[in-house]
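The values are calculated or read from the model by the stated rules, or taken from the named source; none is laboratory data. Note that this is a predicted model, so its numbers are computed, not measured. For neighbour counting, all protein chains shown are included, and Cβ atoms are generated from backbone atoms with ideal geometry for every residue, glycine included.
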Amino acid sequence: VLKPRVSIVCVVRKSIIVMLGPAGSGKTSLVASLGKWIEKKQLVPVLYVNLDPGAPYTPYAAEVNIREYVKVEDVMAREKLGPNGALIRSIELAREYLPEIVERIGRSPKPYVLVDTPGQMELFLFRDLGVEFVEAMRRVGYIIGVLIFDHLLAARPQDVVSLRLLATIVQLRLGVDVIPVINKSDVSSETRERLSRALSDSSSLLEELKSERGLLGEMSEKVVGVLDEYRFATRVPLVSALTWEGLEELYDMLHEIFCACGDLT
Ligand code: GTP
């Protein structure tokens, strides 16, 4: 059933989704599938933006692509750098082109913008590119970060606390709302389901933390309390870029924030 729900209020300013997450978590795949889902189910055109200078192929048609300006392989050859050094250098060089990139995004009539970010999250988050991009994009529309959690990083309860802190760090660093998601739900995994439960429901996480003794266990409990106090508790959808499972729930959460008409807790 088609349910076009994008109101006039939502389309006047662009709705911008920045996809973030550790290497291989599925940023590129989720940009492609969420974009297709929005176009198909909401009948809204989507502008795809690639900010990864190291991604020669993307499964979506990037109308604005950082590789039009900087390509990692060119930087490697020109500056005689290895792959990691060249990526860092490419990110520095990319900053020069931000005004033009933001202007091109602003000129597009498409109301939804999906932004793919570099493989290693720290290159976007802890170098200047991410903050400068987000600051410049505020003129264009409202920005939400979608942070893909890797369930493999959450074997123990205190790992879940560190992932919740990571979402907070992204919020603090970029100054945007962040929706955490767990991708690859088509591959069944106990850890993934446990993580989704522990992230969404602090009481079950606190119960798990009871078995963690000592200072770190105590600190973890306090951290969960602080995060809850500041309403960082949020639903955490299990999604699949492959089967589209969970995309409607993710879209609904995005829509609630974009339209400022909902409560995520
Ligand atoms: P980099 O930018 O290269 O670090 O990766 P990324 O975070 O953009 O991840 P990408 O979309 O390239 O996906 C990494 C791998 O995970 C690929 O082999 C994808 O096919 C696979 N993948 C992504 N999403 C899913 C999913 O929902 N289910 C399954 N089974 N595989 C997925």
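Among residues of the stretch 129-157 being surrounded by fewer than 18 Cβ atoms within 10 Å (Cβ to Cβ) and at pLDDT below 90, the one that is farthest from residue 202 (Cα to Cα) is 152.
Sub-6 Å Cβ pairs linking a first residue in the stretch 115-136 that is in contact (Cβ under 8 Å) with a residue 24 or more places away in the chain and closer than 21 Å to residue 26 by Cα to a second residue that is buried (at least 16 other Cβ atoms within 10 Å of the Cβ) and polar (S, T, N, Q), at least 6 apart or interchain, are 116/28; 116/50; 124/117, ordered by first then second residue. Of everything in the stretch 198-249 that is of a type in the set (Gly, Ala, Ser) and part of a loop (DSSP other than H, G, I, E, B), the residue that is nearest to residue 163 (Cα to Cα) is 233.
Among the residues of the stretch 195-205, is there at least one that is over 23 Å from residue 36 (Cβ atoms), within 16 Å of the ligand (Cβ to nearest atom) and either modelled with pLDDT of 80 or more or in contact with a Pro (Cβ under 9 Å, 6 or more places away or on another chain) (or both)? There is at least one residue in the stretch 195-205 that is over 23 Å from residue 36 (Cβ atoms), within 16 Å of the ligand (Cβ to nearest atom) and either modelled with pLDDT of 80 or more or in contact with a Pro (Cβ under 9 Å, 6 or more places away or on another chain) (or both).
The C-beta contact set for the stretch 97-109 (first residue under 14 Å from residue 132 (Cβ atoms), second residue among the acidic types (Asp, Glu) and part of a helix (DSSP H, G or I), distance under 7 angstrom, 6+ apart or interchain) comprises 98/132. Can you find, within the stretch 35-58, the residue that is surrounded by the most Cβ atoms within 10 Å (Cβ to Cβ) among those that are aromatic (Phe, Trp, Tyr) and not in a helix (DSSP H, G or I)? Within the stretch 35-58, the match that is surrounded by the most Cβ atoms within 10 Å (Cβ to Cβ) is 48. For the stretch 184-220, taking the residues that are in contact with a His (Cβ under 9 Å, 6 or more places away or on another chain) and among the polar types (S, T, N, Q), the one that is farthest from residue 245 (Cα to Cα) is identified as 191. Entry remark, the stretch 71-88: residues being closer than 22 Å to residue 135 by Cβ and either touching a strand residue (DSSP E or B) at 6+ places or on another chain (Cβ under 7 Å) or away from the ligand (no atom under 16 Å from the Cβ) (or both) number 0 in total. Filtering the stretch 16-34 to residues that are buried (at least 24 other Cβ atoms within 10 Å of the Cβ), over 9 Å from the mean Cα position of the chain (by Cα) and near the ligand (Cβ under 7 Å from one of its atoms) leaves 25, 30. Of the helices (runs of 4 or more DSSP H) lying entirely inside the stretch 81-189, those containing at least 3 residues that are touching a helix residue (DSSP H, G or I) at 6+ places or on another chain (Cβ under 6 Å) span 83-95, 121-125, 128-137, 157-174.
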